[in-house]
Amino acid sequence: MHIGVPLETHTGETRVAATPETIKKLIGQGHKVTVESGAGINASVIDSAYEAVGATIGSAREALGAELILKVVAPNDSELALINSGAVLIGMLNPFSNETIAKLAGHGITAFSLEAAPRTSRAQSLDVLSSQANIAGYKAVLLAAHYYPRFMPMLMTAAGTVKAARVLILGAGVAGLQAIATAKRLGAVIEASDVRPAVKEQIESLGAKFVDVPYETDEERECAVGVGGYARPMPTSWMQRQALAVHERAKLADIVITTALIPGRKAPVLLSAETVAQMKPGSVVIDLAAAQGGNCPLTVADHVVVEHGVTLVGHTNLAAMVAADASALYARNLLDFLKLVFTPEGQFQINLEDDIVAACLMCRDGQVVRKNG
């Protein structure tokens, strides 16, 4: 099969959907691969590295004109115009955007969105949300250290002792746990909160203190368990108690990292404007939910703003700031998914009996297969 890997043209997107490592394996399976010239340059992969493993370097038209196209994000209109009807597209296509999926279907594309993969043990190797969130959690701490005007670790110097930074992490999914681990390595004192009681042990095992908000009703306990690895919206009564606990901890914190996301929905507000107003001058907030409205209403997507003396960082694509490793992990996710849609002889097939393939299939033969809302 002819596989194309185009240069990502979305603003700020530095990742690439395939690396020499994964392309070598695809070519070894008998596929032809065309990589657009410069596709990997922002991820520290030059054209000659692709050529060395057998890929052909071509134009955008040649890469997007392939039978199967590997992308990081959904194609824009100019990219879509170069994709042939009947082609197969695989990437992070935003399965919760009915408009995007309808546009792909209208163009006659068979599209798979890997964000829709079930959160099961079998799907772990192709879980793009986890692989990229892990990087985002790491980068969030480094960004916090960059904007925080003091040291992160405690230092004892001839000029006196510097106290360790106090870090509060809201949400202990993949990104939050990586943020805890990274902040711990940098010597910070860490507290973390999450609606799911099961993560308390994970938080404490990484060296952070769990901010506990007790559950008072069966409804609160049921929602806290979550679905498919994600938290569910909590009842108002619990959210009010958590807001009070977060408010008190945030006032003492030097850095707050918020990571709470609910797929397909606006991000929950975890850090109120009133709380930010009472935080210490020079404090930093890294809002990983900025792309979905933010966990703080003062966050501005893709901007760094200062409110009440607090720096709020709203970058929406932190994984792209670690492009080389983000691309390497993402490319392996794609490679593992391709194993499910290729036969041992290298023929493309859609096996709807496979729960992962069925969940990721967005559109086929001009028809939307999955629709939200």
- Conditions (1) in contact with a His (Cβ under 7 Å, 6 or more places away or on another chain); (2) buried (at least 22 other Cβ atoms within 10 Å of the Cβ) -> L288 fails only (1)
- Query: So which of I255, I262 is assigned by TED's automatic domain parsing to the domain that holds T182 and surrounded by 20 or more Cβ atoms within 10 Å (Cβ to Cβ)?
  - Reply: I255
- Message: Just to be sure before I move on: is G160 over 27 Å from I262 (Cβ atoms) and modelled with pLDDT under 95 in the structure I sent?
- Response: yes
- Task: All but one of (1) among the hydroxyl-bearing types (S, T, Y); (2) over 24 Å from L129 (Cβ atoms); (3) modelled with pLDDT under 95 hold for S283, so report the exception by its number.
- Result: (3)
- Members of the stretch 284-301 found to be under 11 Å from V313 (Cα atoms) and either small (G, A, S) or in contact (Cβ under 8 Å) with a residue 24 or more places away in the chain (or both), listed by number: V284, V285, I286, D287, L288, A289, A290, G294, C296, L298, A301
- Quick one: is A39 in a loop (DSSP other than H, G, I, E, B), free of Cβ contacts under 8 Å to residues at least 40 places away in the same chain and at negative phi? yes
- Message: Quick check on the stretch 98-114. Is at least one of its residues part of a loop (DSSP other than H, G, I, E, B), in the same structural domain as L7 (by TED's automatic domain parsing) and of a type in the set (D, E, K, R)?
- Response: no
- Task: Mind listing just one residue for me: the one in the stretch 186-206 that is part of a helix (DSSP H, G or I) and under 15 Å from L168 (Cα atoms) and, of those, nearest to the chain's Cα centre (by Cα)?
- Result: I203
- Message: List the residue pairs whose Cβ atoms are under 8 Å apart, where the first residue sits in the stretch 250-271 and is basic (K, R), the second is part of a loop (DSSP other than H, G, I, E, B), and the two are 6 or more positions apart or on different chains.
- Response: K251/Q278; K251/M279; K251/K280; R265/P233; K266/G293
- Item | Which listed residue is in contact with a Phe, Trp or Tyr (Cβ under 7 Å, 6 or more places away or on another chain), in contact (Cβ under 8 Å) with a residue 40 or more places away in the chain and among the aliphatic types (A, V, I, L, M), from L170, L126, L186, L177 | L126
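This table checks each residue for (1) under 25 Å from the mean Cα position of the chain (by Cα); (2) more than 17 Å from K139 (Cα to Cα).
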position	(1), (2)
P281	no, yes
D287	yes, no
L312	yes, no
A319	yes, no
A328	yes, no
N333	yes, yes
L338	yes, yes
P344	no, yes
- Item | Test set (1) closer than 30 Å to A111 by Cβ; (2) surrounded by fewer than 20 Cβ atoms within 10 Å (Cβ to Cβ); (3) of a type outside the set (S, T, N, Q); (4) in contact with a Pro (Cβ under 7 Å, 6 or more places away or on another chain) - R332 fails condition number | (4)
- Looking at the stretch 267-280, is at least one residue of a type in the set (D, E, K, R), modelled with pLDDT under 95, in a loop (DSSP other than H, G, I, E, B) and more than 23 Å from V213 (Cα to Cα)? no
- Query: Residue check: is M234 closer than 30 Å to A123 by Cα and either loosely packed, with under 14 Cβ neighbours inside 10 Å or of a type outside the set (F, W, Y) (or both)?
  - Reply: yes
- Message: Suppose the filter is at pLDDT below 95, assigned by TED's automatic domain parsing to the domain that holds T9 and within 14 Å of the chain's Cα centre (by Cα); does N94 pass it?
- Response: yes
- Note on the structure: Quick count over the stretch 1-36, residues being in a loop (DSSP other than H, G, I, E, B), more than 15 Å from L335 (Cβ to Cβ) and of a type in the set (S, T, N, Q), is 3
- Query: Which is closer than 28 Å to G28 by Cα, surrounded by fewer than 22 Cβ atoms within 10 Å (Cβ to Cβ) and not aliphatic (A, V, I, L, M), of S78, S97, S121, S113?
  - Reply: S121
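The values are calculated or read from the model by the stated rules, or taken from the named source; none is laboratory data. Source: prediction; values computed, not measured. Using ideal geometry, Cβ is built from the backbone for each residue, glycine included, and neighbour counts are taken over all protein chains shown.
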